[in-house]
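Read the figures in this text as sums done on the coordinates, not as results from a lab. What you are looking at is a predicted structure, and each value in this text was computed from that prediction instead of being measured. Every residue, glycine among them, receives a Cβ derived from its backbone with ideal geometry; neighbour counts consider all protein chains shown.
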Amino acid sequence: MKLPIFLVFTAITAFTYWLRYINLQHLKLHGSRVPDGFEDAIDVEKLQKSSAYTFASSRLGLWDSLFDNTLLLIFLFGGLIATYDRYISSLRSSPIISAILFFLLMTWASTLLGIPFDLYGTFRIEAQFGFNTTTPRIWITDFLKAQTIGAVLLAFLITVVFWLINWSPQQWWLWVWGFMALFSLFMMFISPYVIEPLFNKYEPVTEPGLEDDIRVMMEKAGLKVGKVLQMDASKRSNHSNAYFTGIGKVKRIVLYDTLIKQMSHAEIVAVLAHEIGHWKKGHIWKRLLWAEIMALAGSWLGFKLLVWQGLPGLLGLPADISLPAKMVVLGFISTLALFPLGPISAWRSRCHEREADHYAADLTGRPEDLASALVKMSAENLSNLFPHPFYALFYYSHPPAVERVRTLREWMAPKIKTTA
């Protein structure tokens with residue numbers, strides 16, 4: 001089975017590279033024309049800069065992917081994983097300590113090998129196009145914080161998971177699923193207070209009058225949100241965005257300070273209305289429910305496959321490799337099997353984004369405000385305004401910006417006719 005799986009991996013990889021190619025070719029073909037409705041924010045010079053940024057980022061992503069896939073082939077198909085597994089086993093630690101070492105050292109090696117690509121992207125490409133504001137000191141500090149937090153959490157998760165496996169050899173899949181579900185919810189509660197402030201400063205919006213506008217909109221939506229905060233994103237990048245985080249009483253909406261500087265109050269309120277739309281339409285709990293259903297099915301199937309003696313042989317590996325090594329093999333096989341579901345997940349996400357856009361347009365009564373905000377965000381972030389439809393089908397979690405703006409303005413048209 002090693003050759004068929006290798007061929008499947010090669011076919012999927014080649015397909016993803018083909019998607020990159022047709023996306024860039026589509027940009028070459030259509031990227032010289034400013035889209036309708038974007039004329040006030042984007043001129044030909046800005047459009048050329050946006051295209052150049054997309055090409056530069058895509059080239060870096062391609063080289064990064066080629067490097068990662070080469071390492072993956074050597075590690076899995078070249079048998080290096082078996083050598084690595086024997087080394088970890090030779091340390092003669094307890095099963096839990098061995099599992100921690102297995103995954104932690106592998107994760108660190110992957111992270112360290114990826115540093116050159118991250119540095120080039122941050123200090124060359126992002127700087128070249130005017131986005132990077134990160135200093136080497138901030139980059140190093142963020143890196144060390146992220147690695148420390150990641151190592152602690154990974155060690156904790158592995159300890160609990162392997163303890164559950166040892167405690168309940170036949171039903172561990174159910175216990176592990178329940179633990180991971182609870183841990184995910186716990187992180188959604190604690191992350192806004194403990195982890196996120198380690199990287200950015202969060203404070204109430206300071207723009208004069210903006211808080212009052214936000215409060216009026218919140219009351220209209222009938223929503224009690226924990227906090228609406230601004231984040232010092234400009235300390236690291238000039239990209240602009242907004243997002244929601246947390247759950248329950250700790251839910252909050254976060255605005256980049258760069259976004260506040262770039263937009264009018266009405267546009268900011270429209271962006272907030274979009275984020276509120278996700279809550280009001282139940283997108284959060286729907287995504288959580290779907291994720292847990294998939295995780296439960298995956299846990300049961302994973303249990304069945306991990307006890308199957310033929311699993312290592314799928315990659316030509318010895319049958320006596322350790323459980324952590326079998327998990328890596330299972331993870332790789334699962335990635336291949338789940339690849340066709342990617343477009344479905346992206347489609348569901350785009351549906352939610354359209355619903356949130358519609359909610360924001362109805363709540364504010366001014367679809368143009370959100371359309372204008374999207375135009376400005378696209379211009380400031382040098383977004384690709386001409387993605388290939390097939391590429392967007394597979395990878396875009398949001399409808400393309402031109403489509404979203406056009407749809408919002410079509411919703412606005414009936415309002416104008418009614419007023420007239």
**Asked** Hey, got the dipole for segment 1-143? About the Cα centre, +1 on K and R Cβ, -1 on D and E Cβ, debye to the nearest 20?
**Response** 540
**Prompt:** Along the charge dipole of segment 1-73, Cβ charges K/R +1 and D/E -1, which of Ser58, Ala41, Phe15 sits furthest on the positive end?
**Reply:** Phe15
**Request:** Could you check which residue among Ala56, Ala273, Ala11 shows the biggest mean-square fluctuation in a GNM of the chain with a 10 Å Cα cutoff?
**Result:** Ala11
**Prompt:** Okay, which of segment 362-403 sit inside 17 Å, backbone N to the point 7 Å along the Cα-Cβ direction of Arg287?
**Reply:** 395-400
**Message:** Below 19 Å, Cα to Cα, which aspartates and glutamates can Lys304 reach? Residues fewer than 8 away in the same chain don't count.
**Reply:** Glu292, Asp320
**Message:** For the pairs Lys46/Lys376; Lys201/Lys261; Lys46/Lys235; Lys235/Lys261; Lys220/Lys261; Lys220/Lys280, flag any whose C-alpha to C-alpha distance is greater than 22 Å.
**Reply:** Lys46/Lys235; Lys220/Lys261
**Prompt:** Hey, rough spin-label estimate for Lys220 and Phe67, points 7 angstrom out along Cα→Cβ, what's it come to in nanometres?
**Reply:** 4.8
**Reachable aspartates and glutamates, given that their alpha-carbon falls under 18 Å from the alpha-carbon of Lys227 and they are not under 8 places away in the same chain** = Glu196, Glu203, Glu207, Glu211, Asp212, Asp213, Glu219, Asp257, Glu275
**Complete:** Magnitude of the Cβ-charge dipole (Lys and Arg +1, Asp and Glu -1) of the chain about the Cα centre, nearest 20 debye, reported as 720
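Which percent, to the nearest 5, of DSSP beta bridges fully inside the chain are antiparallel?
On the way: 8 of 13 bridges.
In the chain, approximately 60 percent of DSSP beta bridges are antiparallel ones.
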**Message:** Can you tell me the convex hull volume per residue for the chain, based on C-alpha atoms, in Å³ to the nearest whole number?
**Reply:** 155
**Asked** Between Asp362 and Phe199, how many nm apart are label points set 7 Å from Cα along the C-beta direction?
**Response** 3.4
**Request:** Report the residue, chosen from Ser237, Ser90, Ser378, that carries the largest GNM mean-square fluctuation when the chain is represented by alpha-carbon nodes joined by springs under 10 Å.
**Result:** Ser90
**Item:** Under Karplus coefficients 6.51, -1.76 and 1.60, residue-wise ³J(HN,Hα) of segment 269-284 in Hz, glycine/proline x
**Value:** 4, 5, 4, 4, 4, 4, 5, 5, x, 4, 5, 5, 8, x, 5, 5
**Asked** Between segment 25-54 and segment 85-118, what's the alpha-carbon centroid distance in Å?
**Response** 45
**Prompt:** Glu410 versus Val307, label points 7 Å from Cα toward the beta carbon: distance in nm?
**Reply:** 5.3
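Figure the gain on full extension for Ser168 and Ser349 (residue separation times 0.36 nm, minus the Cα-Cα span) and round it to one decimal in nm. Write out the running numbers ahead of the final one.
Numbers: separation 181, 0.36 × 181 = 65.16 nm, distance 3.65 nm.
Full extension of this stretch gives 61.5 nm more.
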**Item:** Dipole-positive endmost among Val161, Phe67, Ile260 within the chain (Cβ charges, Cα centre)
**Value:** Val161
**Complete:** Phi angles of segment 286-293, converted by Karplus (6.51 cos²θ - 1.76 cosθ + 1.60, θ = phi - 60°) into ³J(HN,Hα) in whole Hz with x for Gly and Pro, give 5, 5, 5, 4, 5, 4, 6, 5
**Mean-position separation - Cα centroids, segment 141-209 and segment 340-418, in angstrom** = 31
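Pop the C-beta distance of Leu7 and Leu157 into the FRET formula with R0 = 41 Å and round what comes out to the nearest 0.05. Mind dumping the intermediate values first?
On the way: r = 33 Å, r/R0 = 0.82.
After rounding, the FRET efficiency stands at 0.75.
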**Message:** What does the extension gain come out to for Ala109 and Ser334, with contour length at 0.36 nm per residue minus their alpha carbon separation?
**Reply:** 78.8 nm
